[in-house]
Amino acid sequence: AQSVTQLDSQVPVFEEAPVELRCNYSSSVSVYLFWYVQYPNQGLQLLLKYLSGSTLVKGINGFEAEFNKSQTSFHLRKPSVHISDTAEYFCAVSRRGFKTIFGAGTRLFVKA
Amino acid sequence: DAGVIQSPRHEVTEMGQEVTLRCKPISGHNSLFWYRQTMMRGLELLIYFNNNVPIDDSGMPEDRFSAKMPNASFSTLKIQPSEPRDSAVYFCASSQGQGRETQYFGPGTRLLVL
């Protein structure tokens, strides 16, 4: 069975600083990996996803993530955050024909 | 495209009352998911349908919860009788399949049971 662990429940960061949100997964077979973002009082929306191919995936709003098979990680990064990036971020894992498993979420607080 | 539509957006009810949440998925999507989100438990998958058939309802808390999908464009989640611990935000999401497909979430229904 697959599972996903988000290593930080909250990440405070100053505006224009870089940020990394960490995600580790466990699965014995090939997986698909996702990052979703939830802004206050909204549903989740897709930031980016890894299906196959290049291990560096670029998403919306300047975010990117790198798939690392040997470390079973899929960390999300942004070189310079804005106040508007304050939100909750969910890492998720799936595989062909199976339901998607979401992590517990990481709350990103961007301070002025 | 209007996206996933949920109604009502807010519901306040008294303990013991029946609550029905509604969802219209994106046209052409064949998978539909119901989630519950609370501060304590995070995001929980309650049930999902594929081609209108319930595939996995292992997340449904107890017999008070039931979900139906009578056709490809409509689903309901019913709680009867409701309890204060059911207070949460309930999300519906749809996708074109499972696995590699993106899930599209509705805006959620914020339920408060007094």
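The values are calculated or read from the model by the stated rules, or taken from the named source; none is laboratory data. Since we're looking at a predicted model, the values are computed, not measured. When we count neighbours, we look across all protein chains shown, and the Cβ atoms used for this are built from the backbone with ideal geometry, even at glycine.
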**Message:** Just to verify a result, which residue in the stretch A:33-65, among those that are more than 14 Å from chain B (Cβ to nearest Cβ) and under 22 Å from A:R107 (Cβ atoms), is modelled with the lowest pLDDT?
**Reply:** A:N61
**Item:** From the options A:S84, A:S80, residue that is among the small types (G, A, S) and part of a loop (DSSP other than H, G, I, E, B)
**Value:** A:S80
**Asked** Counting just the residues of the stretch B:94-114 that are touching a Lys or Arg at 6+ places or on another chain (Cβ under 8 Å) and of a type in the set (S, T, Y), which one comes out modelled with the lowest pLDDT?
**Response** B:T102
**Complete:** Of A:S26, A:S30, the only residue that is out of contact with any helix residue (DSSP H, G or I) (no Cβ under 7 Å at 6 or more places or on another chain), of a type in the set (G, A, S) and within 14 Å of another protein chain (Cβ to nearest Cβ) is A:S30
**Request:** Mind listing whichever residues of the stretch B:57-72 are surrounded by fewer than 16 Cβ atoms within 10 Å (Cβ to Cβ) and in contact with a strand residue (DSSP E or B) (Cβ under 9 Å, 6 or more places away or on another chain)?
**Result:** B:D57, B:S58, B:P61, B:R64, B:S66, B:K68, B:P70
**Prompt:** Restricting attention to the stretch A:81-97, and to residues there that are surrounded by 17 or more Cβ atoms within 10 Å (Cβ to Cβ) and of a type in the set (D, E, K, R), which single residue is nearest to the chain's Cα centre (by Cα)?
**Reply:** A:E88
